[in-house]
Amino acid sequence: MSDAVLDIADLTIGLPPGADRASAVQGMNLVLRAGEVTCLVGESGSGKSLAARAVLGLLPPRVGVAAGSIMFEGQDLTKATPAQLAKIRGARIGMIFQEPMTALNPLHSIGRQIEEVLSIHTPLDRKARRDKVVALLADVHLPEPARIARSFPHQLSGGQRQRAMIAMALALDPKLLIADEPTTALDVTTQAQILHLIHDLQRSHGTAVLFITHDFGVVADIADQVAVLQRGVLVEAGPRDAVLDNPQHPYTQALLAAVPRLVVPQRAPQQPGIVMLESIKARKEYRQRALLGRGRTTVALDGVSVALRRGETLGLVGESGSGKSTLARAMTRLLSIDSGDIVLDGDEITRTPQRLMRPHRQKIQMIFQDPYASLNPRQKVVDVIAEGPIIHGLPRAEAEARARELLGLVGLDPSAADRFPHEFSGGQRQRIGIARALALRPQVLVADEPVSALDVSVQAQVLALLADIKARLHLSLLFVTHDLRVALQICDRIAVMRQGAIVELADTADIYHAPQHPYTKALFAAVPGAAWLQKEAAHAAP
Amino acid sequence: MRRWRYFGYRLVFALPVVFGILVLNFFLIQLAPGDAASVLAGESGAASPEYTALLREKFGLDRPLLEQFLAYIANALQFNLGYSFRNDSPVFELILARLGPTLLLMLTAFGAALGLGTALGVLAAVARNSWRDALISVITLVCYATPVFWLGLMLIVVFSVNLNWLPTSGFENIAEGYEGWERWVDIGRHLVMPGTALGLFYLALYTRVMRASMLEQTGMDYVVTARAKGQTEGRIVFGHMLRNAFLPVLTMAGVQAGNLIGGSVVVETVFGWPGLGTLAFNALQSRDLNLLLGIFFMSACLVVLINLAVELLTITLDPRIQA
């Protein structure tokens, strides 16, 4: 085809010995055309990022292209010399990354970092470069571009940083833009804006885009063409609508089935139970202290009142900085509040001293976001789970027996008990985390983004497990998440938080069908692939 | 502008530290058994109690502790650190005369160790796992493990006694009566060996830290970004990574400024360098308490000043630090 910009043929990327497989990418074929967005989709470890980096010759040490070719403007990039690659990078092919904070040099101003691209590839003088930088920043709709150019990365928000990265990548109007999960680290409303921006710029410049993502919602919003990668093998590729609506390969089908739908599942109506855990006008401030002059005050919780009833799942939904995690931590007394009250099972525990908290702690347990960081790497799984009951006075043998029993309950083999956390996958570790939380036979579980770090297929399994255990053990669940789709799946009621306050609290079905607050509506509108998910939902519910 | 405001804060914070040192100083004198009067009386051979009492009155030692304390602070604030009877001269003048050589020695050793250490660290990191890296590792290990006094003596044996390239000791060759440039060259020749002896350990330390810090930066995302811009490897190392990697080295160097003063006592003694170190050593030998405490105070102030300088450098290099 004449307008093919990039032609990847039989690409195989070898991994160093000792890796879980011989090659990260195996015999991949993909053609990118001008003016089209190609989404490369896969779960973690599928090799999608390495495939993208191979295009620019940015593979990590000891990982290299073993076979195949990457043709770009009549040149095979796998055989290009470093000097030839340097000419192409930044000028003909731009790249943006997942985490704009770390992808920018913290010590250089935004303007200087964009200017660098111009000084490498163009003969422009200093004045012309400066002007061009400001124009570029204006193109990505940054307010006050001249001020942004003088700013350092830490002075901007995540969305602004990613806009600056896009300005840098598109500075010289490249033929190809590689975007490696560029919106994964951003809030959902910011993500929607950035996707929009990439889409607009790409259309107006006729740029070909290789867009790496794990999120089919994003695919539905932005892709022209979709390629699905499973453990390094390209299992399916084609136009977006064909792949989304009529997937051929079983893996694609499974992935799509696991995407949380924007729909409220049918649930048996519940009797409102008694209140198990309640926050009454909880207020928490953080003051930045200054020696002279006034310090800045951040209100993390602005008089929040919310009650979790027995047997229900209450969702706390919000973007980063909304105070949802702070509220969850305040309600578990992991964090003290300035004013207001926390009531657990009829007992006011707001100011109970730590040493008297122990009997209360047994009733309420937490599940954390990061299954890697929240387990002590030097502790065997059985010790991780049994530690709580032993602290609360259960004999060791009994506690260990309970630990093994719980492993069965969360769907792990009892032999897992004698292994260490690093031997498990992310999903398995989250199961261990759940078992650990259950070991004290709590009445309330507080889950802080328990599935955010997991792949979508694993996410579905863990959510199902949580719902099942909650029903079987008659628990109350406080579920913190940034993802409305996940909240709709599992929650009975949802509280939408913003800037330390609850802006809307209603039954899940009500909030879905008739959101009242403008912010709730904005959140629903920003869910990646909202239109596609709605269409899917309409299909599924005849 | 912001930088200077932050620096101002730090300066304000340094004042209580200096005051704390003064207080500590005063009570150290009080802790020592006996007082200046009894020491002097004892040294005069046969002193009657009346004479001792007279001395006490003369020195104000019979007044209440608080009054003495306030007088001491007031004096110290006017840089009056007392009188050294051994040297028959005010302590402050003695210290001032020795401050120059010590500062010269310390700053030379510190600057050279920091500069060369950084350069070697970068070189080792860039040529990771090559023969250059291995060679630098071996050299740093040897420097690391060599005691300063032994190194000093060996330098004298090799370069002064056997090769006769450099003078064995002292600050300058007064007998030659050099003027202007010639004098500075002469001082420089005297400085080489003590500076080397003092700085080599820190050179090794900074090299190792800089190498590790550079390797850490190698894996950073912004390095990949720079590469994706088409930047050359050399520019990536010097334009992007160097400053990021240097920050932890600088922080550590600032903390260690105090150790450098301690090290200079040994080095100055070995090389007969007329600085605070030899002065302190002599004061210790002759139990000249006033002088010793004066030196203690001045070195503490010196450490505070060096820390302030390092801090200023850090906030100049790192825009993330703000008041």
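Just so it is clear, none of the values below were taken in a lab; they were calculated from the coordinates. As the structure is a computational prediction, the values presented were derived from the model and not from experiment. Cβ: placed from backbone, ideal geometry, glycine included. Neighbour counts: every protein chain shown.
Tell me, how many Å apart are the Cα centres for segment A:456-472 and for segment A:164-224?
When both Cα centres are located, 32 Å separates them.
Once you put a point 7 Å from the Cα of A:Gln534 and another 7 Å from the Cα of A:Asp3, both along the Cβ direction, what distance in nm separates them?
Result: 2.9 nm between the two label points.
What FRET efficiency do you get for B:Leu284 and B:Gln78 if R0 is 35 Å and r is their Cβ-Cβ distance, rounded to the nearest 0.05? Don't skip to the end; give the middle numbers.
On the way: r = 26 Å, r/R0 = 0.75.
So the FRET efficiency works out to roughly 0.85.
Amide H to amide H, which residues 5 or more places from B:Leu81 or on other chains are under 5 Å from it, using H placed in the peptide plane?
B:Val91, B:Phe92
Determine the relative contact order of chain B: mean sequence separation of Cα pairs under 8 Å and six or more apart, normalised by residue count, in whole percent. Don't skip to the answer; put the middle values down first.
Values: 320 pairs, mean separation 87.4, N = 323.
Relative contact order, chain B: 27 percent.
State the extension gain, in nm to one decimal, for the chain segment bounded by A:Arg472 and A:Lys380, taking 0.36 nm per residue of separation less the distance between their alpha-carbons.
Numbers: separation 92, 0.36 × 92 = 33.12 nm, distance 2.70 nm.
Extending this stretch completely gives an extra 30.4 nm.
If one computes the Cα centroid of segment B:246-323 and of segment A:56-105, what distance in Å separates the two points?
Spelled out, the Cα-based centre of one part sits 49 Å from the other.
With a 10 Å Cβ neighbour count serving as the proxy for reagent exposure, in which order, fewest first, do A:Arg310, A:Arg296, A:Arg89 appear?
Arranged by neighbour count, lowest to highest, A:Arg310, A:Arg296, A:Arg89 become A:Arg296, A:Arg310, A:Arg89.
In debye, nearest 20, what is the charge dipole magnitude of segment A:101-171 about its Cα centre with +1 on Lys and Arg Cβ and -1 on Asp and Glu Cβ, if you could check?
With Lys and Arg at +1 and Asp and Glu at -1, about 140 debye.
If N is the number of residues in chain B, what value comes out of its Cα radius of gyration divided by 2.2 N^0.38 Å?
Taking the Cα Rg and dividing by 2.2 N^0.38 Å, one obtains 1.24.
Relative contact order (percent) for chain A, with alpha-carbon contacts under 8 angstrom and 6 or more residues of separation?
In percent, rounded to a whole number, it is 15.
Provide A:Asp507, A:Asp173 in ascending order of the number of other Cβ atoms located within 10 Å of each residue's Cβ, fewest first. Intermediate results must be reported in sequence, preceding the final value.
On the way: A:Asp507 15, A:Asp173 12.
So the ranking, lowest neighbour count to highest, is A:Asp173, A:Asp507.
Placing +1 on the Cβ of each Lys and Arg and -1 on the Cβ of each Asp and Glu in chain A, which of A:Leu156, A:Thr481, A:Ala192 has its Cα farthest towards the positive end of the resulting dipole?
A:Leu156
For chain A, what ratio Rg/Rh do Cα atoms give with a Kirkwood hydrodynamic radius?
0.99
Mind checking which of B:Ser213, B:Ser84, B:Ser130 has the largest fluctuation in a GNM of chain B, springs on alpha carbons under 10 Å?
B:Ser130
For A:Glu73, what charge total do you get from the other residues with a beta carbon under 12 Å from its beta carbon, if Lys and Arg give +1 and Asp and Glu give -1?
Overall, the nearby charge balance is +1.
Quick check on segment A:167-276: what are the equivalent-ellipsoid semi-axes from the Cα gyration tensor, as sqrt(5λ), descending, whole Å?
Result for segment A:167-276: semi-axes of 33, 21, 12 Å.
Quick one: P(r) of segment B:54-189 from all Cα-Cα pairs, 10 Å bins, percents rounded to integers, in order of increasing distance.
9, 20, 24, 19, 16, 9, 2, 0
Report the local net charge at B:Asn87: Lys and Arg +1, Asp and Glu -1, summed over other residues whose C-beta lies under 10 Å from its C-beta.
Every neighbour counted, the sum reads -2.
Most mobile of B:Glu50, B:Glu268, B:Glu311 per a Gaussian network model of chain B (Cα springs, under 10 Å)?
Looking only at B:Glu50, B:Glu268, B:Glu311, the biggest GNM fluctuation is shown by B:Glu50.
Quick one: dipole size for segment B:76-225, taken about the Cα centre, charges +1 on Lys/Arg Cβ and -1 on Asp/Glu Cβ, in debye to the nearest 20.
Working: 8 positive and 10 negative charges, 93 e Å.
It works out to roughly 440 debye.
State which entries of A:Lys281/A:Lys324; A:Lys127/B:Lys229; A:Lys175/B:Lys229; A:Lys284/A:Lys324; A:Lys132/B:Lys229; A:Lys470/A:Lys521 exceed 18 angstrom in Cα-Cα distance in the structure shown.
A:Lys127/B:Lys229; A:Lys470/A:Lys521
If you take the charge dipole of chain A about its Cα centre, with +1 on Lys and Arg Cβ and -1 on Asp and Glu Cβ, which of A:Val259, A:Ala307, A:Ser109 is farthest toward its positive end?
Of the options given, the answer is A:Ser109.
Over the protein assembly as shown, what is the percentage of antiparallel beta bridges among all DSSP beta bridges, to the nearest 5?
On the way: 47 of 84 bridges.
Bridges in the protein assembly as shown that DSSP calls antiparallel: roughly 55 percent.
Taking the Cα centre of chain B as origin and charging only Cβ (+1 Lys, Arg; -1 Asp, Glu), how large is the dipole, in debye to the nearest 20?
Here chain B has a charge dipole of around 1480 debye.
Tell me whether segment A:502-542 comes out rounded, prolate or oblate; compute the Cα gyration tensor, take square roots of the eigenvalues as a ≥ b ≥ c, and use a/c under 1.5 as the rounded threshold.
Working: a/c = 3.47, a/b = 1.59, b/c = 2.18.
Note, shape of segment A:502-542 comes out oblate.
All other residues with a Cβ under 15 Å from the Cβ of B:Asn129 taken together, and with Lys, Arg as +1 and Asp, Glu as -1, what is their net charge? Provide the component values of the computation, followed by the final result.
Numbers: positive: A:Arg62, B:Arg128, B:Arg132, B:Arg211; negative: B:Asp133.
Net local charge, B:Asn129 excluded: +3.
Rounded, prolate or oblate: pick one for segment A:101-171, where a ≥ b ≥ c are the square roots of the eigenvalues of its C-alpha gyration tensor, a/c under 1.5 means rounded, and failing that, prolate if a/b is larger than b/c, else oblate.
Note, shape of segment A:101-171 comes out prolate.
For the pair A:Ser415/B:Met154, report the inter-label distance in nm, with labels modelled 7 Å from Cα in the Cβ direction.
For the pair A:Ser415/B:Met154, the computed spacing is 5.7 nm.
How much space per residue, in cubic angstrom, does the convex hull of the C-alpha atoms of segment B:103-275 take up?
Enclosed volume per residue, from the Cα hull, is 134 Å³.
What are the ³J(HN,Hα) couplings of segment A:174-180, residue after residue, when phi is run through the Karplus curve with 6.51, -1.76, 1.60 and θ = phi - 60°? Round to Hz, x for glycine and proline.
With the stated coefficients, segment A:174-180 comes to x, 6, 9, 10, 9, 10, 9 Hz.
Using alpha-carbon pairs under 8 Å, 6+ residues apart, how would you state the relative contact order of segment A:275-540 in percent?
Values: 483 pairs, mean separation 67.0, N = 266.
RCO, segment A:275-540: 25 percent.
Would you grab the residues whose amide H sits under 5 Å from the one on A:Val5? Only those 5+ places off in sequence or on another chain, please, with H modelled 1.01 Å from N.
The answer is A:Leu32, A:Arg33, A:Ala34.
Rank the residues B:Trp273, B:Trp165 as a footprinting-exposure proxy: fewest other Cβ atoms within 10 Å of their Cβ go first.
Ascending number of Cβ neighbours within 10 Å: B:Trp165, B:Trp273.
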